[in-house]
Ligand SMILES: Cc1cc2nc3c(=O)[nH]c(=O)nc-3n(C[C@H](O)[C@H](O)[C@H](O)COP(=O)(O)OP(=O)(O)OC[C@H]3O[C@@H](n4cnc5c(N)ncnc54)[C@H](O)[C@@H]3O)c2cc1C
């Protein structure tokens, strides 16, 4: 059978591409190597499926530090509000949570995946599961179809590559598409882990002193060798047995990767401002006041109002203060040392967990070689790319999924228009 559009990959970008192409009236085949569609989508947002984000487009772009600006043209065609309307049309009501994150009201990822599958069915998209694609075929400067691992060749007028990146390969994203893009002449920018936990060889990490401790709403920074911040993210974080994790650490991770590379060092400094709403002087005055109020109480108990007890004890030790010291006996100099630790606890990190463990793959098919409104290859007629295979990466919070759905929509619609223009 000859298809007008073959979409490879049943993640959010491929599902959206197949739906977009079928809506235009093309006959479409969606090929997925796994036994289920939307596996990674189903585990996103803690398993509740963080379908998009409701912040203004300008903010969405800011939260996609990896080539977010490339998406301006795409967003002028189809954006996050269109995604919300699209899901509502499919009967999936969405609700907004913190930081603009949108989830299905059912809190069930399955309801999102099922709605997309139903729409594929309604539009008569052929779907082949358990069907790995081995290669994309080109002839005379055009994409002409795909060869399956079984050896079968499927003719196509347009091919949409939506196979994702290389992270969490057990969901099916094993990086198969990069070779097909290179074969068409595309550049693959260096792949790296992003939105990934950070590792550290610091003794307090190795000794698991703070393992399992979460800090809420801290300002976490990655520092240049001169101590100035490269980036600061204010969110929650978590100490683990190998380093740090949690939203603030995930957001900082790509800057750690880049700084290690840029400075050629084996470690990068990071710092935690655990009380970002107060400056050092305000905090000093406040602690001095607390000590005056309850001079006989042990300092560790006085400071418990500020931060979790485990962190207070840790910072007291760093400040060479005996935690049992009566608050009234604490010298101002010592209070200032403790304040410094609260505002600027600095430690070294040495890397991140590998790409396979990252939420998102950084790098990919260079966006310079992709038409920004069509997601068409500038190098090969009839070839389209969408989703995480592109050199686009955002923070978690629905930004990657938004990029996948938007680029998927444009790739599908334009692949169909191209294929249908070849009808005789
Ligand atoms: C645990 C986790 C949580 C996440 N949370 C968030 C979040 O909260 N917000 C956010 O924005 N992003 C999040 N992400 C990232 C987001 O899920 C991805 O960016 C998004 O799924 C990418 O969509 P995609 O369609 O490009 O690729 P994928 O979802 O990776 O789908 C690619 C599909 O292609 C198939 N495929 C691959 N190779 C072949 C082949 N040779 N033949 C046939 N099929 C093939 C795969 O089996 C897979 O189904 C999270 C990721 C993970 C792992």
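The values are calculated or read from the model by the stated rules, or taken from the named source; none is laboratory data. Note that the structure is predicted; figures quoted are calculated from it, not measured. No Cβ is skipped: glycine too gets one built from the backbone with ideal geometry, and neighbour counts run over all protein chains shown.
Take the residues in region 356-365 that are touching a helix residue (DSSP H, G or I) at 6+ places or on another chain (Cβ under 9 Å) and within 16 Å of residue 66 (Cβ to Cβ); name whichever of them is surrounded by the fewest Cβ atoms within 10 Å (Cβ to Cβ). That would be 359.
Here 397, 363 are screened, and the one residue that is at pLDDT below 95 and within 24 Å of residue 199 (Cβ to Cβ) is 397. When we screen 271, 245 for residues that are under 22 Å from residue 336 (Cβ atoms) and in contact (Cβ under 8 Å) with a residue 12 or more places away in the chain, the only hit is 271. Taking the listed residues 162, 156, the one that is within 22 Å of residue 24 (Cα to Cα), within 13 Å of the ligand (Cβ to nearest atom) and in contact with a strand residue (DSSP E or B) (Cβ under 7 Å, 6 or more places away or on another chain) is 162, with no other qualifying.
Filtering region 383-422 to residues that are touching a strand residue (DSSP E or B) at 6+ places or on another chain (Cβ under 8 Å), more than 10 Å from the ligand (Cβ to nearest atom) and farther than 16 Å from residue 182 by Cα leaves 411, 412, 414, 415, 416, 418, 419, 420, 422. Every condition in (1) buried (at least 24 other Cβ atoms within 10 Å of the Cβ); (2) more than 9 Å from the ligand (Cβ to nearest atom) is met by residue 15 except one, and the failing one is (2). Kindly establish whether residue 380 is in the same structural domain as residue 172 (by TED's automatic domain parsing), within 18 Å of residue 68 (Cβ to Cβ) and more than 11 Å from the ligand (Cβ to nearest atom). Here the answer is no, as residue 380 does not meet what is asked. Residue 209 falls short on exactly one of the conditions (1) surrounded by 14 or more Cβ atoms within 10 Å (Cβ to Cβ); (2) under 21 Å from the mean Cα position of the chain (by Cα), and that condition is (2).
Note on region 97-110: residues that are surrounded by 13 or more Cβ atoms within 10 Å (Cβ to Cβ) and either closer than 19 Å to residue 56 by Cβ or within 14 Å of the ligand (Cβ to nearest atom) (or both) total 9.
Taking region 18-34, which residues are more than 6 Å from the ligand (Cβ to nearest atom) and touching a strand residue (DSSP E or B) at 6+ places or on another chain (Cβ under 8 Å)? If the condition is that a residue be more than 6 Å from the ligand (Cβ to nearest atom) and touching a strand residue (DSSP E or B) at 6+ places or on another chain (Cβ under 8 Å), then 18, 21, 22, 26, 27, 28, 29, 30 are the ones that fit.
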